[in-house]
Amino acid sequence: MTVAPATGRRRRPQLAAFLRSRRARVTPADVGMPPGLRRRTPGLRREEVAQLSGVGVTWYTWLEQGRPINASAQVLDAVARTLRLDQTEREHLYQLAEVPYAPDREADAHTVDAEVQGIVDALDPHPAVVYNARYDILTANAAYRDLFDLEVLRDIGVRNVLWMLFAVPEPDCPLVFRDVELPVMVATLRGAYGRHVGEPAWESFVRRLSAASPYFAELWSGGDVVPPGPRVKTFRHAAVGEIRMTSVSLSIDGMPDCRIVVYTPDDAESARRTASLRELRPQREIPPS
């Protein structure tokens, strides 16, 4: 990450103040150390933070003084563990130290909380879904289920929209311009994959979908990368015909690898056909995983 010199100079005093404040709140007892005598500092001493973090006392002192020294991610992680920083504080530390931040990814998200679920449901009559970075469907509202035949997912056995689009025969794919839209989705997937290289769940997903779909395998091998973004997509539906929708991705606080995708009709006829889908709404749920 490149930071302008003036910006870096402004961040260093903030870094110093942040480290001092975090150090002051951690007691020796918190880290299994005896309190000792003549302790004037309310928390850990600088030399104690350095010792517990496995870094030199001089180096840590300079870091806390806001001097222009280089810090690696590994060293910042060690300091963060010693100071018992949570994920938000750890990210703040990285930003102040001008080091690219990569959050811990213990597991992919598989559920959403009640607040997110309420937002997704409230977006009806607009189709809305929560995807993680692999396009797993974490939840969706009734309008999304109107638009997509999620019974296909029960047949496939995978709650994933890429499987639904690649594993079905081409005439059954709900996207009209399949050869335009699917390359973009795969490029978006690859953009997220860079943060998960080597993770068993991701490697297995790519391997299995490549085996199930030669077209996916071909696109994946191309190596294209794009970020999520708004798109105008045309869907085909057996009951009402073609529907043009604009899709917009919304980030979710606390779920950095997930997004809410909302679809809105792109023209008056598509709005009419979407309304017709609501009138035909089946009472179906997303297939269980």
Model label zone, A217; criterion: amide N under 15 Å from point 7 Å along Cα-to-beta-carbon; scope region 163-182
167
Spelling it out for V26: with amide H atoms placed in the peptide plane at 1.01 Å from N, the residues 5 or more places away or on another chain with amide H under 5 Å from its amide H are L44
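Given the -39500 (n - 2.57) contribution per DSSP H run of 4+ residues, what per-residue ellipticity at 222 nm results for the chain, rounded to the nearest 500 deg cm²/dmol? Could you put the intermediate results ahead of the total?
Details: 13 runs with 135 residues, N = 289.
That calculation yields -14000 deg cm²/dmol at 222 nm.
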Of region 130-148, those with amide N under 17 Å from the point 7 Å along the Cα→Cβ vector of D266 are 147-148
Name the residue, out of G118, G32, G43, whose mean-square fluctuation peaks in a Gaussian network model built on the chain with Cα pairs under 10 Å.
G32
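To the nearest 0.05, what FRET efficiency results for A24 and S249 with a Förster distance of 35 Å applied to their C-beta separation? Show your work: numbers first, answer last.
Numbers: r = 40 Å, r/R0 = 1.15.
The value I calculate is 0.30.
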Sparsely packed trypsin sites (Lys or Arg not before Pro) within region 200-289, loop by DSSP, other Cβ within 10 Å at most 16
R284
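Please work out the average accessible area per residue across the chain, using the 1.4 Å probe convention, and give it in Å².
Working: 15150 Å² over 289 residues.
About 52 Å² of surface per residue is accessible.
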What figure in square angstrom, to the nearest 10, would you give for the accessible area of H237 with a 1.4 Å probe?
50
Spacing of the two label points (7 Å from each Cα toward its C-beta) at A275 and V232, in nm:
2.1
Per residue, what volume in Å³ does the convex hull of the Cα atoms of region 189-289 enclose?
166
Sorted by accessible area with a 1.4 angstrom probe, largest first, how do V197, V168 fall?
V197, V168
With springs only between Cα atoms under 10 Å apart, run a GNM on the chain and tell me which of V26, V112, V176 wobbles the most.
V26
Taking H placed 1.01 Å from N in the peptide plane, check which residues at least 5 places from T139 or on another chain put their amide H under 5 Å from its amide H.
V130
Rule-of-thumb check for the chain: C-alpha Rg over 2.2 N^0.38 Å?
1.31
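The values are calculated or read from the model by the stated rules, or taken from the named source; none is laboratory data. This structure is a prediction, so every number in the text was calculated from the model and none was measured. Neighbour counts are summed over all protein chains in view; Cβ atoms, including those assigned to glycine, are modelled from backbone coordinates with ideal geometry. With ligands, DNA and RNA removed, areas are computed over all heavy atoms of the protein, side chains included. Shrake-Rupley method; radii C 1.70, N 1.55, O 1.52, S 1.80 Å.
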